[in-house]
Amino acid sequence: MEPITGKALILACSAIGAGLAMIAGIGPGIGQGYAAGKGAESVGRQPEAQGDIVRTMLLGAAVAETTGIYGLIIALILLFANPLINLL
Amino acid sequence: MEYADFFTKFISWLLTFEKNELILAFSAIGAGFAMIAGIGPGVGQGYAAGIGAEATGNNPKASKQSTMVMLLGAGIAETSGILALVIALILLFANPLIALQGDKLVLASSAIGAGIAMIAGMGPGIGQGYAAGKGCLAASINPDGSKPSLLVMLLGTAVAQTSSIFSLVIALILMYANPLATTEGHYLILSASAIGAGFAMLAGIGPGMGQGYAAGKGTEAVGMRPRLQPQIMRTMILGQAVAQTTGIYGLIIALVLLYANPLINLL
């Protein structure tokens, strides 16, 4: 069996960490879905304002997306530009 | 050994077992993880059942129609729980990992990764249950004209199913066509990547819940004003598509970990 060096341990933990980081995606999914639901509700109530409603919905959804993208960035850093092994 | 700490002792203890022993032990844990998905359908169907009871109380004459829609919606909400059950049963009764060639720790970790990935089914279960409740309410308010809202409910819940299907695909890849088993690299990194891929799929909980909420609200709105179905549905689908994004990010990270793992080359 290949020995487990410190570097191997760091890389293995980075793989798990990248996966854990993506759990952040739960939030934006729930939030944006809530926004989509309220958007559909409002269009039903005021169809003539559909353009404005959708614009506001998408703006808010974009803000809600940010934390999901933060999680993605950390996962990508862990995978493709791992700073931890340089600290060894 | 310089690194003879708890972790390395634990890993080398695991490696003293035969290949099949390790895979079967970890498959038991994986099967357990997969079943956590059952939380979702439980919550969602409970909500639908509550609304069903409420709707029957409000309009007893329409109880047949509203109960029918509730059961239909609850059936859809059950899907992700059943998908998780199937993965757990495969791990227990027809374990495909034993037959695969590769490192034992990598294959055993893949069983845990597949189980963790299936937990994502929690999201669609809750979301679709919410939509089922709203569909039931619409049927109770307008029993004869509930077709347009029922259509929106079916379409919206179908979209909400996406993330649990993504998870199923990752779990099946890990179990039947495991790319990590044939990858050259340190067994610890490959094993951790299998578990990490499973964790990444948990992001699907959010899109499932959110899209289900949107499906519910869309159903409700169409139930109130059936003539506006096209506009309401357009807004619902657009919003659901945006809500899917983080689930797709998770899928991409899982696929990178499985097929284009950048960590192996760093060692």
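All of the numbers you see were taken from the coordinates with simple rules; none came from a lab. Keep in mind that this is a model prediction, so the values were computed, not measured. Don't worry about glycine lacking a Cβ; one is built from the backbone with ideal geometry, like all the others, and counts go over all protein chains shown.
Tabulated data for the structure shown
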{"item": "Residue-averaged beta-carbon neighbours from other chains (10 angstrom radius) around B:157-163", "result": "1"}
{"item": "Over 24 Å [Cα-Cα, the range B:32-259], rounded percent", "result": "46 percent"}
{"item": "Longest site-free stretch - chain B; sites: GluC sites (Glu not before Pro), DSSP loop, at most 15 other Cβ within 10 Å", "result": "B:19-183"}
{"item": "Under 27 Å from B:LYS217, Cα to Cα: lysines that are on another chain or at least 8 residues apart", "result": "A:LYS38, B:LYS61, B:LYS64, B:LYS134, B:LYS147"}
{"item": "Mean residue ellipticity (222 nm) of chain B, computed from DSSP H runs ≥ 4 via -39,500 (n - 2.57), nearest 500", "result": "-26500 deg cm²/dmol"}
{"item": "Charge sum, other residues only, whose C-beta stays under 12 Å from B:LEU22's C-beta, Lys/Arg counted +1 and Asp/Glu -1", "result": "-1"}
{"item": "Under 19 Å from B:LYS9, Cα to Cα: lysines that are on another chain or at least 8 residues apart", "result": "A:LYS7, B:LYS19, B:LYS104"}
{"item": "Test item: Cα-centred dipole of chain A, Lys/Arg +1 and Asp/Glu -1 on Cβ, debye", "result": "100 debye"}
{"item": "The range B:182-267: proportion of alpha-carbon pairs further apart than 23 angstrom, %", "result": "44 percent"}
{"item": "Cα centroid separation - the range B:206-222 against the range B:11-64, whole Å", "result": "21 Å"}
{"item": "Overall dimensions of chain A by Cα: Rg and Dmax, Å", "result": "20.1, 69"}
{"item": "Dipole axis of the range B:32-259 (+1 Lys, Arg; -1 Asp, Glu on Cβ), positive-most option in B:ALA48, B:LEU228, B:THR245", "result": "B:LEU228"}
{"item": "Net charge dipole size for the protein assembly as shown [Lys, Arg +1 and Asp, Glu -1 on Cβ; Debye, nearest 20]", "result": "1000 debye"}
{"item": "Kyte-Doolittle mean at least -1.0 and Cα axial length at least 18 Å: DSSP H helices in chain B", "result": "B:19-35, B:39-58, B:63-93, B:104-118, B:122-141, B:147-160, B:162-176, B:187-200, B:205-224, B:229-259"}
{"item": "Value of [θ]222 nm, deg cm²/dmol, for chain A, DSSP H segments ≥ 4, -39500 (n - 2.57) each, nearest 500", "result": "-26500 deg cm²/dmol"}
{"item": "Peptide A:66-75 - average C-beta neighbours from other chains (10 Å radius)", "result": "4"}
{"item": "Sorted by Cβ density within 10 Å, fewest first, the residues B:ASP103, B:ASP5", "result": "B:ASP5, B:ASP103"}
